[in-house]
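Data first, discussion second: the structure below is written as structure tokens.
The values are calculated or read from the model by the stated rules, or taken from the named source; none is laboratory data. These numbers were taken from a predicted model, which means no experiment stands behind them. Note that we place each Cβ from the backbone using ideal geometry, even for glycine, and neighbour counts take in every protein chain shown. We work out accessible area using only protein heavy atoms, side chains counted, and drop any ligands, DNA or RNA first. Shrake-Rupley method; radii C 1.70, N 1.55, O 1.52, S 1.80 Å.
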Amino acid sequence: MSRVEAGAPGRPRRTRRKRVLDVLRIGFLVLVLVAVGAALWSNWEEVRGDLGRIGPVTLLAATALAMLSPFVTVLGWRVLLADLGSRLHIAPASGVFFVGQLGKYLPGSVWSVVVQTDMAHRLGVPRRRTAVVGLLTIALSALTGMILGLPALPVLLTRGDAVVPWWSLVLIIGVLGVLLWPPVLNRGIRTMLRLLRRDPLEHDLTHAAVGLSSLWFASSWLVGGLSVWVMARNLAPDDADASRLMLVAVSGYLLAAGIGMFSIVVPAGVGVRDGVMILLLATSMSVSAATAVVVVARFLTVLADVVWAAVGWLWAKTHDLLPSPAGPGAAPQGDR
């Protein structure tokens, strides 16, 4: 009896549990969106005025940075995939990665990985390998974002009115850094595959690949943070502390995004990331100005995802990487 068949009797229960979790996630997402919408509506007049102050040049710069951020992320994803044995040219890698990225806006936590796994299999990449790389990308992105965002944590916790002991930040960085250590990552991968009753990978991740991919993910976050900063400096008061503004805009964006990624109950951290960013930016500007920056930043994030997904979809469509009703012969045989 195959492993898949052996696990068949438990499938109905898992299906029911998944449906319940999806309903809870959707319900929580609706509540978050209603709360965000209500707050935005009540302060719309002030927010609308601040939106008009951003300016076309600043908006263009913020858009360019927001568009660059996802492209840097795919470079890190590609490094991990190559290290495990599947080296893809940047064109097919982008097609697979960016189309799959839209899955993060659906309730659930792994839809992007599911889509990427199916598309990459059509390029001869084993499904197990793509799935592991997809989950690693989510984990490493969240961890690097949290580490680089930690300087803004005292501002979030104390609103800048108290000092958080430096050793506590060092301790948190140390804990998160251990999770990035290749031996720990490799042990976690082996354990996960064993629990899922899947064969182990052909070899472990190397230190070089983990380090380089983490560097790409960190760079992606920093570029996204700069996109927020160029807008925030336009709306901050003239007497605002420049270093404090840089801290809450760049490091604060990374902290908020990392927290949002760990909030798997809502798609793409919608509402969670935005709320944390408003709290941080409001320490250097008015709440309405902070809200205006966050609203535009969220729009630019979605815009970048959609534009890159459209580019990836066009490439994938012309190279027959998208699912089709062609039957079993449409995809190459290999690891499933």
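Do any trypsin sites (Lys or Arg not before Pro) in region 61-145 lie in a loop, going by DSSP, with at most 16 other beta-carbon atoms within 10 Å of their beta carbon, and if so which? Mind dumping the intermediate values first?
Numbers: sites: ARG78, ARG87, LYS104, ARG122, ARG127, ARG128, ARG129; in loops: ARG87, ARG122.
Here the trypsin sites (Lys or Arg not before Pro) that fit, given the DSSP loop and packing criteria, are ARG87.
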TODO: Would you mind working out the accessible area per residue for region 51-131, using a 1.4 Å probe, and quoting it in Å²?
DONE: 38 Å²
